[in-house]
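Asker: Before anything else, here's the structure in question.
Laboratory data are not the source of any read-out in this text; all were calculated from the coordinates shown. Since the structure is predicted, the reported quantities are computational estimates derived from the model, not experimental observations. With ideal geometry, Cβ positions are generated from the backbone for all residues, glycine too; neighbour counts draw on all protein chains shown.
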Amino acid sequence: MQFSSKLIEEAVNAFASLPGIGKKTALRLVLHLVQRPTEDSVHFARAISSMRENIQHCTQCGNLSDQHICSICRDARRDQSLICVVESIRDVMAIEDTQQYRGLYHVLGGVIAPIEGVGPADLNIDTLVERAKHGDTQEIIMAISPTIEGDTTIYFINRQLEGIDVTVSNIARGVSFGGELEYADEVTLGRSIVSRTKV
């Protein structure tokens, strides 16, 4: 792809570095921004810059937040006795889209995957155990992708929670084994949460 402007080329390369954005799509986005009023591009750049500088992880659940405690953890209308354990922030968004769950979350930041060098110490597991010990938690729902690594992670967490007075349950296997949670449709994912089973 030939460019008459180095500035355009750099902008296209920046957009193309995003997942799912190829060079042609990146060029289309850049040309769109060039044709818009300057203030639109400035607003776009400020929004990205502000997000990157100010976004943080919730100190309670690990979700992305504008403050130390995210809006979900602060919401008094949510069921404080339920914690739904997920791999990633995208999984929180997927479950929230089902509108079937009104408890809290805990984001692990991945699953145990020894081949990839990810062990229990690399995940947000210790804080989950502390929440189970010292909070109002009655049930922990394992909403982790049904893969070998996911099942290994569930098994490890379940062992860490032994002796703590909480119920540990799995989401129902309406989500196919080997599937990624974030790609499950809302109806299937919602039913999986509602029809969870005890571990």
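Asker: Based on what the data block shows, is Y101 part of a strand (DSSP E or B), in contact (Cβ under 8 Å) with a residue 12 or more places away in the chain and under 16 Å from the mean Cα position of the chain (by Cα)?
Answerer: no
Asker: How about the range 91-128: which of its residues are exposed (fewer than 14 other Cβ atoms within 10 Å of the Cβ) and of a type in the set (V, I, T)?
Answerer: I115
Asker: Quick one: which helices (runs of 4 or more DSSP H) sit completely within the range 6-87 and have at least 1 residues that are more than 30 Å from I164 (Cα to Cα)?
Answerer: Ranges flagged: 6-16, 23-35, 38-54.
Asker: So, in the range 149-170, of the ones that are without any contact (Cβ under 8 Å) to a residue 12 or more places away in the chain and in a helix (DSSP H, G or I), which residue ends up farthest from A184 (Cα to Cα)?
Answerer: Here the residue is R159.
Asker: Run V111 past the list (1) in a helix (DSSP H, G or I); (2) in contact with a strand residue (DSSP E or B) (Cβ under 8 Å, 6 or more places away or on another chain); (3) among the β-branched types (V, I, T) and report the number of the one that doesn't hold.
Answerer: Every condition holds for V111 apart from (1).
Asker: Hey, can you tell me all the residues within the range 114-148 that are in contact (Cβ under 8 Å) with a residue 40 or more places away in the chain and part of a strand (DSSP E or B)?
Answerer: E139, I140, I141, M142
Asker: When residues of the range 132-158 are filtered for being loosely packed, with under 14 Cβ neighbours inside 10 Å and farther than 19 Å from C61 by Cα, how many remain?
Answerer: 2
Asker: Here's another thing I want to ask about it. Does at least one position in the range 65-72 carry a residue that is under 15 Å from the mean Cα position of the chain (by Cα) and not hydrophobic (A, V, I, L, M, F, W, C)?
Answerer: yes
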